[in-house]
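S.K.: Can you read through this structure? Questions will come right after.
The values are calculated or read from the model by the stated rules, or taken from the named source; none is laboratory data. Predicted model, so just to flag it, every value in this text is computed and none were measured. Virtual Cβ from ideal backbone geometry, glycine too; neighbours counted across all protein chains shown. All accessible areas refer to the heavy atoms of the entire protein, side chains included, with ligands and DNA or RNA removed. Shrake-Rupley method; radii C 1.70, N 1.55, O 1.52, S 1.80 Å.
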Amino acid sequence: MRQSGIQGFGGFATQAIPAGTRIIEYAGERLTPAESEARYPDTLGERHHTFLFAIDDEVVVDAAVNGNEARFLNHSCAPNCDAVIDDGRIWIESIHDIEVGEELVYDYAYILEERHTPAAKKRFPCYCGAITCRGTILAKKR
Ligand SMILES: [Zn+2]
């Protein structure tokens, strides 16, 4: 873990990692969506930052409590990792071969209940710097 050019701390490969490697669990306290909303009320217009990860409609993992280094991994619109949900747990896995020193990043692909308006996207900005950067960590909504 060290300072990242994207945001705050990031995780970097200290050895070469082949594609398809399960790297780390996204650990944390398991909450219901209602509990997570009570803990982190969404303030309109404010930039959003939590360590929440929704597994499904019933379970949200809060890595701010009992989390591990996985919570520091940054989002990128051109990721080398993906978050894979397996049997109710979240794992960060490599989707490309990763070289020593590369930052480990995955696409957060957040989905809001509300419409993904320009204002909503502004609350969830992306600074990944990829050529394909979509300017937000929100997923494309269909
Ligand atoms: Zn981006």
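S.K.: Pick out, from Ile92, Ala78, Val65, the residue whose Cα sits farthest towards the positive end of the charge dipole of region 56-96, with +1 on the Cβ of Lys and Arg and -1 on the Cβ of Asp and Glu.
M.R.: Toward the positive end, the furthest listed residue is Ala78.
S.K.: Still on this model: To the nearest 20 debye, what charge dipole does the chain have about its Cα centre, counting +1 at the Cβ of each Lys and Arg and -1 at the Cβ of each Asp and Glu?
M.R.: Values: 15 positive and 22 negative charges, 141 e Å.
For this selection, approximately 680 debye.
S.K.: Right, something else. Short version: ³J(HN,Hα) in whole Hz for each residue of region 68-75, in order, from phi by Karplus 6.51 cos²θ - 1.76 cosθ + 1.60 (θ = phi - 60°), x for Gly and Pro, what are they?
M.R.: 10, 4, 4, 5, 8, 5, 7, 7
S.K.: Let me ask something additional. Remind me, relative contact order of region 55-121 in percent, using alpha carbon pairs under 8 angstrom and six or more residues apart?
M.R.: 32
S.K.: In bins 5 Å wide, starting from 0, what share of all Cα pairs of region 35-142 does each bin hold, as a percent?
M.R.: 2, 10, 20, 23, 23, 14, 5, 2, 0
S.K.: Averaging sequence separations of C-alpha pairs under 8 Å and six or more residues apart, then dividing by the length of the chain, give the relative contact order as a whole percent.
M.R.: Working: 294 pairs, mean separation 42.6, N = 142.
Reported relative contact order: 30 percent.
S.K.: Each residue of region 110-115 in turn: what ³J(HN,Hα) in whole Hz from Karplus with 6.51, -1.76, 1.60 and θ = phi - 60°, glycine and Pro shown as x?
M.R.: Running phi through 6.51 cos²θ - 1.76 cosθ + 1.60 with θ = phi - 60° gives 4, 10, 9, 5, 6, 5 Hz.
S.K.: Give me the percent relative contact order of region 1-70, please, defined on Cα pairs under 8 angstrom at least 6 residues apart.
M.R.: Details: 81 pairs, mean separation 25.1, N = 70.
With pairs under 8 Å counted, the relative contact order is 36 percent.
S.K.: Could I ask something else about it? Around Arg22, with a cut-off of 12 angstrom between Cβ atoms, what is the net charge of the other residues, counting Lys and Arg +1 and Asp and Glu -1?
M.R.: On the way: positive: Arg89; negative: Glu25, Asp82, Asp86, Glu93.
Cβ neighbours under 12 Å give a net charge of -3.
S.K.: Quick one: which residues, 5 or more positions from Thr136 or on another chain, have an amide H under 5 Å from its amide H? H modelled 1.01 Å from N in the peptide plane, none for Pro or chain starts.
M.R.: For Thr136, the qualifying residues are Cys126.
S.K.: Further question on the same structure: Of the heavy-atom accessible surface of the chain (probe 1.4 angstrom), what whole percent is carbon and sulfur? The partial results should precede the final answer.
M.R.: Values: 4430 of 8530 Å².
On the chain, the fraction of accessible area on carbon and sulfur atoms equals 52 percent.
S.K.: What number, in nm² with one decimal, is the all-direction average of the projected area of the convex hull of the alpha-carbon atoms of region 79-133?
M.R.: Details: hull surface 21.8 nm².
Spelled out: convex hull of the Cα atoms, projected over all directions, averaged, 5.4 nm².
S.K.: Let me ask something additional. With n ≥ 4 as the cut-off for DSSP H runs, can you work out [θ] at 222 nm for the chain, using -39500 (n - 2.57) per run divided by the number of residues, rounded to the nearest 500? Show your work: numbers first, answer last.
M.R.: Working: 2 runs with 13 residues, N = 142.
Mean residue ellipticity at 222 nm (helix-derived): -2000 deg cm²/dmol.
S.K.: Give, as a single signed number, the net charge of other residues whose beta carbon lies under 11 Å from the beta carbon of Gly135, with Lys and Arg counted +1 and Asp and Glu -1.
M.R.: +3
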